[in-house]
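The structure appears right after this line, and notes come after that.
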Amino acid sequence: MTKLYTIKVKVNGTEYERSVEPRLLLSDFIRHDLGLSGTHVGCEHGLCGACTVLFDGEPMRSCLIFAVQANGHEVQTVESLGTPEHMHPLQEAFSEKHALQCGFCTPGFLMTLVPFLEKHPDPTEEEIREAIDGNLCRCTGYQNMIGAVQLAAKKMAARQEV
Amino acid sequence: MSGKVFGQSVTRNEDPYLLTGKAEFIDDIELPGMLHAAFLRSDYAHARIKSIDVSQALKRPGVVAVYTAADFGDYWRPGPLQVPPPTAIKGSVFHARTLVPIAKDKVRFSGEPLALIIAESRYIAEDAFDDIIVEMEPLDAVVDLEKALEPGAPLVHEDLESNLAAHVVQERGNYEEAAAKADYVIKRRISVDRCAGAAMENRGLLVDWNDRTREMTIWASTQAPIPLRNSIAARLGLFESQVRVITPYIGGGFGPKIMTSQADDVLLPIVAMWLNRPIKWIEDRRENFLATTSERDQLHYAEIAVTKDGIILGVKDMFYHNTGAYDPYGMTVPLNTQTHTVSNYNVPNFKTEVKMVFSNTMVVTPVRGAGRPYGVYVMERLIDYAACELGMDPVEIRRRNLIRSDQYPLPTGIIGQDFVEGVLDSGDYPEELRKAVELIGYEKFIKEEQPRLRAEGKHKGIGVVCFTEGTSVGPYEGARVTVGANGKVNVSTGISTQGQGHFTVYAQIAAEELGVDVRDVNVTTGDTGHFHWGAGTFASRGTGVAGSAIHLAASKVRQKAIKLGSKLLGVPEDQVELCDGKVCVAGDHSRFISLGEMAMKANPTRGTFEQGAEPGLEAVAYFGPPYGSTGAGALAMIVDVDPGSMDVKIEKLAIVHDCGTLVNPMLVEGQILGGLSMGIGNAFYEQLKYDENGQLLTASFMDYLLPQATDMPDEVLLGHVERPSPLNELGMKGVGEAGAIPTPACFAQAVENALADCKLQIAETPLSPSRLFELVKKSTEK
Ligand code: FES
Ligand code: FES
């Protein structure tokens, strides 16, 4: 057994203190140590984007960094967005526009898009395509995601007005 | 949302769980005391195993056990043939060499498992790879399909005389006579290379053996839960009822997850019994690329005989089909190629011959499209070559030969993957072509836009092709529909779900019949504890076959509810109706009994049971079609080729499809769009490339390019032609593979059209910018 390191990470607003091997991937830490299995692993080599989480607010592939590197940082996963009963507007829009099929890639897309929508409250089709270009989806052909993101932008703007 | 839901674009019941990370996939399941498995796999594609020494691995802390073939004794034996041999076809030859669970004596493809390591964590299991010493004697690899059949070629299976796995010839009419009468006979060599299913979720299996109840629970990301359960039970000598296979949410299937005899399927159940601890194995992406299954390696020598008016007199196709190192899935893929080569067109004389070949590459089983895309590719290319020879418009030559809408049902004379003669049940191919041509703006593009663009030095081209998709094949599926005391409806069926939307489509079918809210229908798929008869999810049959069984079962429940309702409400049966979760008197909905109450009343209490009655508002039904229904369509696209980089952008794409009755148009379109992206990948991005040593050169997403959002067309137009199938009550046909089938053929035509000045004739797929560059160079050198 390699030496264990104690890390403190804030995940979805909760502080966790855990002892981990230095080689433990952040994705495995989130999924198996913390039981937050909404973050998915599709390739473990940084290319599919299914494992995307927010790391200090920025999208990051959790299969590409170690849990120890998250010590003292803040992570947000898909579980932070909404619940089945009260979904985030982006989640609602994904459902309404049929932007997911198997849903395995979806948490990665959502976590890429949440900060994108904050920076681009009214994105063009081209901006959306660029934004999701680093995430792979085998089921949908991406087409419906474009409409979903535009719908989400509208929903979010409407909520802000109220 | 009760009332009319069938045919509506209802949002999906499953979405809220998937979107919030609540849906449980296989790797999300953790059991107390669970161990983890990893497979040490062969780097060589073809080699004799001299020795495997695992002693050091066993000493590693955290390693619980290590197994090689020798440890399994008589339990080691090749897996079942998952699909019967093609004996229904006269004169067919087929040599079954099914998958072995773990290599013994020799390895036949790179990635074949050599040792199974069980450890306290996956990290430790993989650490142990370095502790195992394997001694192997490399052998020459068989990779090239033609060389594989040359005398003296190394043998993949040394007990066979050659690498020929199967040979099937089918003919209708007499091609040679037709060719003798033709004005033109055009011959080409056409090749199609491999692609991966590449579901975003890899495969996985979790086995939990309970030593006290002697029951086994298996979670599997399988497309075939019932066949998997049956083969595991049979191998272990257990009753089927002692083994329960549960499919959690599955992250895409696309074909390779249909296999039930991979190393994990066979070995983990017995090891879990031996160790009496749960064991989980999750495939990683590299293993998925190397050692699951893949598809689409064929080489065709094809010819077409036409008159000077462009009427097709005959087609002949002799092709090699690579089955990889084993052939556990029989001949499904090449038979699909045979049935889909000429299916859109009136081709009176057709001869198709396949030589299926063993090679030292990954096993070939269906991947979305499953043999159909190459049949369509060959045929559509032949028509394009003929059009070019005759100086005829590619759309016009197709129009002249398409099967007419008054020709159904049309027997084809060719036996397919379901071992019955293919019959085209319904459709309207000319209408599909007409609509696609209209949607893409063909005439305007050819007559006005293209000449202008060419004058500006731009290279834009257009392509239009037709295709069919044999769907909804047998044997059968079944379903149980139950009304609960909560007034909600439960549906269970044996097939499993990989993202198609079954939880919603099946709910729509049941809700329509029983007059309940679609959100009040709970659907369970792929859990043998709930329903344990059926075949699996393949060949776009989920809606057409399982959906039909659900419809039948729901109708039976409806009948039961009406009968009981008539008794309880004191009105004749024809005055009882179901709506809003109630059984009510027609015309007076204030007189009703709720479905939940009815469900309780349908369970007889002491002294009230009538002989012959079946308790519960529940029914089981099965459905099996005599042959599959055939979906079809036409695809058109406009591409922009950059002659410098040879990059190709699909600017606009139009697809018109007929899948019979649309249960949920939004989901149908989702299936088409997803299929198209796979077709686009197959046309220009994805390639599983093997070198001459049987080494896979593209075993990661770095080298195997999956289409990304920016690779998709700027504009996609969808059109439907709805010609209900007469083969099931609701008129449904499948659509799952449609988008993937015609795309490479259409892409090739459009690229040729864009580069019209270089007389390019494309006869291969997939393409890539560099390959296109080479082809253009060759064609201009000529
Ligand atoms: S799992 Fe991290 S990018 Fe694929
Ligand atoms: S929805 Fe299945 S991979 Fe994206």
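Here is a yes/no grid of residues against (1) over 30 Å from B:I383 (Cβ atoms); (2) out of contact with any Gly (no Cβ under 8 Å at 6 or more places or on another chain):
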{"site": "B:G252", "(1), (2)": "yes, no"}
{"site": "B:P256", "(1), (2)": "yes, no"}
{"site": "B:M259", "(1), (2)": "yes, yes"}
{"site": "B:L268", "(1), (2)": "yes, yes"}
{"site": "B:N276", "(1), (2)": "yes, yes"}
{"site": "B:R285", "(1), (2)": "yes, no"}
{"site": "B:T292", "(1), (2)": "yes, no"}
{"site": "B:H300", "(1), (2)": "no, yes"}
{"site": "B:T307", "(1), (2)": "no, yes"}
Only residues in the range B:513-541 that are touching a residue at least 12 places away in the same chain (Cβ under 8 Å) and open to solvent by 30 Å² or more (accessible area, probe 1.4 Å) count as the first member; pair them with residues that are small (G, A, S) and in a strand (DSSP E or B), Cβ under 7 angstrom, at least 6 apart or cross-chain, and list the lot. B:H530/B:S492; B:W533/B:G478
For the range B:79-108, the count of residues that are open to solvent by 50 Å² or more (accessible area, probe 1.4 Å) and under 22 Å from B:L139 (Cα atoms) equals 3
Exactly one condition in (1) in the same structural domain as A:E15 (by TED's automatic domain parsing); (2) part of a helix (DSSP H, G or I) is false for A:L64; which is it? (2)
The range A:124-155, subset farther than 19 Å from B:G679 by Cβ and not in a helix (DSSP H, G or I), residue nearest to ligand 2 (Cβ to nearest atom): A:N135
Within the range B:413-520, which helices (runs of 4 or more DSSP H) (wholly inside it) include 2 or more residues that are among the β-branched types (V, I, T)? B:429-440, B:502-514
Would you be able to say whether some residue in the range B:650-660 is out of contact with any strand residue (DSSP E or B) (no Cβ under 6 Å at 6 or more places or on another chain) and either at negative phi or open to solvent by 10 Å² or more (accessible area, probe 1.4 Å) (or both)? no
Top-ranked residue in the range A:67-80 [being open to solvent by 10 Å² or more (accessible area, probe 1.4 Å) and under 15 Å from A:L34 (Cβ atoms); ranked as farthest from ligand 2 (Cβ to nearest atom)]: A:N71
If A:N12 satisfies every condition in (1) among the polar types (S, T, N, Q); (2) open to solvent by 50 Å² or more (accessible area, probe 1.4 Å); (3) within 12 Å of chain B (Cβ to nearest Cβ) but one, which is the exception? (2)
Within the range A:34-68, residues over 26 Å from B:R203 (Cβ atoms) and within 11 Å of another protein chain (Cβ to nearest Cβ) come out as none
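Looking at A:G42, A:G38, can you tell me which residue is within 16 Å of ligand 2 (Cβ to nearest atom) and under 11 Å from the mean Cα position of the chain (by Cα)?
Going through A:G42, A:G38 in turn, just one is within 16 Å of ligand 2 (Cβ to nearest atom) and under 11 Å from the mean Cα position of the chain (by Cα): A:G38.
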Suppose the filter is touching a Lys or Arg at 6+ places or on another chain (Cβ under 9 Å), within 16 Å of ligand 2 (Cβ to nearest atom) and modelled with pLDDT of 95 or more; does A:L47 pass it? yes
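Of all residues in the range A:70-81, how many are β-branched (V, I, T) and more than 10 Å from every other protein chain (Cβ to nearest Cβ)?
Selection size over the range A:70-81: 1.
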Can you tell me how many residues in the range B:194-226 are more than 14 Å from chain A (Cβ to nearest Cβ) and open to solvent by 10 Å² or more (accessible area, probe 1.4 Å)? 9
Looking at the range A:75-91, is at least one residue closer than 22 Å to B:R285 by Cβ and within 11 Å of ligand 1 (Cβ to nearest atom)? no
When restricted to B:A57, B:A70, B:A45, B:A37, the only residue more than 30 Å from B:T524 (Cβ to Cβ), open to solvent by less than 40 Å² (accessible area, probe 1.4 Å) and not in a loop (DSSP other than H, G, I, E, B) is B:A57
Suppose we filter the range B:17-26 for residues that are more than 7 Å from every other protein chain (Cβ to nearest Cβ) and under 14 Å from A:L36 (Cβ atoms); how many remain? 1
Only one residue in A:P121, A:P115, A:P59 is more than 16 Å from ligand 2 (Cβ to nearest atom), not assigned by TED's automatic domain parsing to the domain that holds A:E17 and not in a helix (DSSP H, G or I). Which one? A:P121
So A:D133 passes all but one of these: (1) surrounded by 22 or more Cβ atoms within 10 Å (Cβ to Cβ); (2) within 16 Å of ligand 1 (Cβ to nearest atom); (3) within 11 Å of another protein chain (Cβ to nearest Cβ); (4) under 15 Å from the mean Cα position of the chain (by Cα). Which condition number does it fail? (1)
When you check B:R399 against the structure, is it surrounded by fewer than 24 Cβ atoms within 10 Å (Cβ to Cβ) and part of a helix (DSSP H, G or I), yes or no? yes
What number of residues within the range B:638-667 are of a type in the set (S, T, Y) and within 21 Å of B:R771 (Cα to Cα)? 1
Would you confirm whether or not the range A:66-74 contains a residue that is among the polar types (S, T, N, Q) and more than 16 Å from ligand 1 (Cβ to nearest atom)? yes
Among the listed residues B:G670, B:G607, identify the single one that is more than 17 Å from B:G461 (Cβ to Cβ) and either open to solvent by 50 Å² or more (accessible area, probe 1.4 Å) or assigned to a loop (DSSP other than H, G, I, E, B) (or both). B:G607
Inter-residue pairs, beta-carbon under 9 Å, first on the phi < 0 side of the Ramachandran plot and in the range B:141-153, second in a helix (DSSP H, G or I) and buried (at least 16 other Cβ atoms within 10 Å of the Cβ), 6+ apart: B:V142/B:A148
For the range A:113-130, state whether one or more residues are within 16 Å of ligand 1 (Cβ to nearest atom), closer than 19 Å to A:T39 by Cα and open to solvent by 10 Å² or more (accessible area, probe 1.4 Å). no
For A:V9, work out the one condition from (1) part of a strand (DSSP E or B); (2) within 14 Å of ligand 1 (Cβ to nearest atom); (3) of a type in the set (V, I, T) it doesn't fulfil. (2)
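Specify which of the listed residues (B:S191, B:S162, B:S231) is assigned to a strand (DSSP E or B), small (G, A, S) and open to solvent by 10 Å² or more (accessible area, probe 1.4 Å). Outline the logic, then answer.
Working: B:S162 fails: assigned to a strand (DSSP E or B); B:S231 fails: assigned to a strand (DSSP E or B).
Going through B:S191, B:S162, B:S231 in turn, just one is assigned to a strand (DSSP E or B), small (G, A, S) and open to solvent by 10 Å² or more (accessible area, probe 1.4 Å): B:S191.
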Residue that is open to solvent by less than 10 Å² (accessible area, probe 1.4 Å), more than 16 Å from ligand 1 (Cβ to nearest atom), polar (S, T, N, Q) and within 15 Å of B:E201 (Cα to Cα), where the choices are A:T106, A:T140: A:T140
I'm checking my understanding of the structure. Among residues of the range A:82-109 that are of a type in the set (A, V, I, L, M) and at the interface with another protein chain (Cβ under 7 Å from one of its Cβ atoms), which one is farthest from ligand 2 (Cβ to nearest atom)? A:M87
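The values are calculated or read from the model by the stated rules, or taken from the named source; none is laboratory data. Every value quoted in this text rests on a predicted model; they were computed, and no experiment measured them. Using ideal geometry, Cβ is built from the backbone for each residue, glycine included, and neighbour counts are taken over all protein chains shown. Please note that ligands, DNA and RNA were not included when accessible areas were found on the heavy atoms of the full protein model with its side chains. Shrake-Rupley method; radii C 1.70, N 1.55, O 1.52, S 1.80 Å.
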